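Read the structure below first, then the notes.
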Amino acid sequence: MKDAVLVIGAGVAGMTAAIELADSNIETVLIDRLPTAGGNALDLYKAFPTDDCFYCFEGSRSRPGIRKCFYRSALIDQPNLHLRTDTEVAEISGSPGSFTVKLTVGPRYVDSRKCILCGLCLELSNAFEQISPQCQPQAVIYRPDLLDDGAKKAESDCPTKAINLNAEPTEETVNITDIVLATGYHEMQPINVDEYSYGKHPNIITQLELAKILDPNGESGGALLRPSDGAQVKNMMMIQCVGSRDENYYAYCSKICCVFALKHAKIVSSERNGIGITVVYMDMRTYDRHERYYRETRDSGVRFLRGRLHLIDPREDGTLDVTVYDSLLNKYLRHNIDLLVLSSALEPPESNDGIIQLLDVQMRSGFIGPSDPFSENEVVAGDHLYVCGSATGPTEVPESVTQARAVVSKILQGRRS
Ligand SMILES: Cc1cc2nc3c(=O)[nH]c(=O)nc-3n(C[C@H](O)[C@H](O)[C@H](O)COP(=O)(O)OP(=O)(O)OC[C@H]3O[C@@H](n4cnc5c(N)ncnc54)[C@H](O)[C@@H]3O)c2cc1C
Ligand code: SF4
Ligand code: SF4
């Protein structure tokens, strides 16, 4: 591989950068520490601002005119693109423009080139899982912590011998000219924020968990059922700014959680008949062009309550009595609901710390900042180093894609000069 680019993180931003670099005849190694590409967008069901299915994006320029599933597009059939899942950076040496990067690959318990998705292992053991029907690579994944006798039987009975339960990690070294950081975000699990009782009651979930429930490919087929007992949800509440705009956790505003809460509220009120929804907020921050979402959601019958959560009192019948302080009425109001959804902060992934240290890039609230905070080149993180998508801080998909394209354009400019 000559003059190759390493893209760290195969979410929407990393995939976009990698596909466009590969289309521009640049050898590109795209890595993700998870077994499948797609990042957080893999779990999001419908996408604001268009309400399209998240899977359906335009493919590679090398396949013009074909609008097909993003996750199955150029990732497998673009010869300049080398996707390595289950892979992380172990070491970086050399100098900018001539990096030597040691990667840790695997363990790869399922050989994705051999798996034909026959489903046998899924029937035999809970240790195997198919992340999504569209995932890439198209293969099941194996969770070693769930090893059972069924998994051992699957290993011996797999028709293509794709399973190796004793697989070990391997190492690979690549010579790299430019590095793109696309490590994304993590949705905070508000376990330590006592007032929300997250993790203590099954009917208190986060927005990402709600997105998975609403997805027709999910366990309930898209039906909004109570996690505790599978009963139909009749009333639900969303609480905004959980862990964000809070000096005890993250002082920053997570920027996109008002809009995705509106998206979910609108989906529920317009597609799941008769479910009452209240959104409890401090401010509804619909940045940019998303005010439309607020108006449509309000018009669809969703109730908005300006205030803060006061108390959660679980009842024996599985419902929750939730008391909210309404700051406009200056009153405490009690609601009986089936499901409480927390709009939890978007935080930097833990692995960012290692990368920031290895590459000596700037940190911005734990995310990766530009090398020059006053420059307009937000995507330049250093010499031959670039950053895009939610690795820079919470971003929506169109913004992540725009930044990824800006990175590609910078790399191409660098090679022409
Ligand atoms: C509930 C919810 C709903 C949303 N709905 C919408 C919507 O409707 N429309 C919209 O535009 N946006 C929406 N978003 C935002 C959307 O998820 C992001 O814009 C998008 O996922 C950002 O993509 P990304 O590639 O930058 O990051 P991510 O999707 O976070 O991908 C980052 C990837 O990097 C990998 N990675 C991280 N660290 C490493 C490492 N050290 N080594 C290797 N790999 C690593 C991760 O495994 C991951 O696959 C929503 C977000 C949430 C939480
Ligand atoms: S049994 Fe083998 S081929 Fe079938 S889904 Fe499992 S790993 Fe894939
Ligand atoms: S986007 Fe909305 S919910 Fe998220 S932190 Fe900002 S104000 Fe709070």
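The values are calculated or read from the model by the stated rules, or taken from the named source; none is laboratory data. Note that the coordinates shown come from a computational prediction; the quantities given were computed from them, not determined experimentally. Using ideal geometry, Cβ is built from the backbone for each residue, glycine included, and neighbour counts are taken over all protein chains shown.
Among the residues of the stretch 256-285, the ones that are out of contact with any strand residue (DSSP E or B) (no Cβ under 8 Å at 6 or more places or on another chain) and within 13 Å of ligand 1 (Cβ to nearest atom) come to 2 in all. For T104, the conditions (1) within 16 Å of ligand 1 (Cβ to nearest atom); (2) polar (S, T, N, Q); (3) touching a His at 6+ places or on another chain (Cβ under 8 Å) are fulfilled apart from (3). Every condition in (1) surrounded by 19 or more Cβ atoms within 10 Å (Cβ to Cβ); (2) at pLDDT below 95; (3) more than 30 Å from S24 (Cβ to Cβ) is met by D353 except one, and the failing one is (1). Of the strands (runs of 3 or more DSSP E) contained entirely in the stretch 172-263, those carrying at least 3 residues that are of a type in the set (A, V, I, L, M) fall at 178-181, 235-242. For the stretch 1-25, what are the residues that are surrounded by 22 or more Cβ atoms within 10 Å (Cβ to Cβ) and either over 25 Å from the mean Cα position of the chain (by Cα) or in a helix (DSSP H, G or I) (or both)? Those that are surrounded by 22 or more Cβ atoms within 10 Å (Cβ to Cβ) and either over 25 Å from the mean Cα position of the chain (by Cα) or in a helix (DSSP H, G or I) (or both): V12, A13, G14, M15, T16, A17, A18, I19, E20, L21, A22. Scanning the stretch 340-370 for residues that are assigned to a loop (DSSP other than H, G, I, E, B) and in contact with a Cys (Cβ under 9 Å, 6 or more places away or on another chain) yields a total of 1. Within this structure, Y196 passes the test of being over 27 Å from G9 (Cβ atoms), surrounded by 14 or more Cβ atoms within 10 Å (Cβ to Cβ), among the aromatic types (F, W, Y) and touching a Leu at 6+ places or on another chain (Cβ under 9 Å). E129 meets the stated requirement of being modelled with pLDDT under 95, of a type in the set (D, E, K, R) and within 14 Å of ligand 2 (Cβ to nearest atom).
Yes or no: L305 surrounded by fewer than 23 Cβ atoms within 10 Å (Cβ to Cβ), touching a residue at least 12 places away in the same chain (Cβ under 8 Å) and touching a Pro at 6+ places or on another chain (Cβ under 8 Å)?
In short, no.
On the stretch given as the stretch 376-417, residues that are more than 16 Å from M363 (Cα to Cα) and part of a helix (DSSP H, G or I) total 20. The residues listed here are Y252, Y281, Y287; of these, the one that is under 25 Å from V193 (Cβ atoms), within 16 Å of ligand 3 (Cβ to nearest atom), within 25 Å of the chain's Cα centre (by Cα) and free of Cβ contacts under 8 Å to residues at least 40 places away in the same chain is Y287.
Identify the residue in the stretch 200-252 that is among the basic types (K, R) and at pLDDT 95 or above and, among all such residues, is surrounded by the fewest Cβ atoms within 10 Å (Cβ to Cβ). Top of the filtered list is K234.
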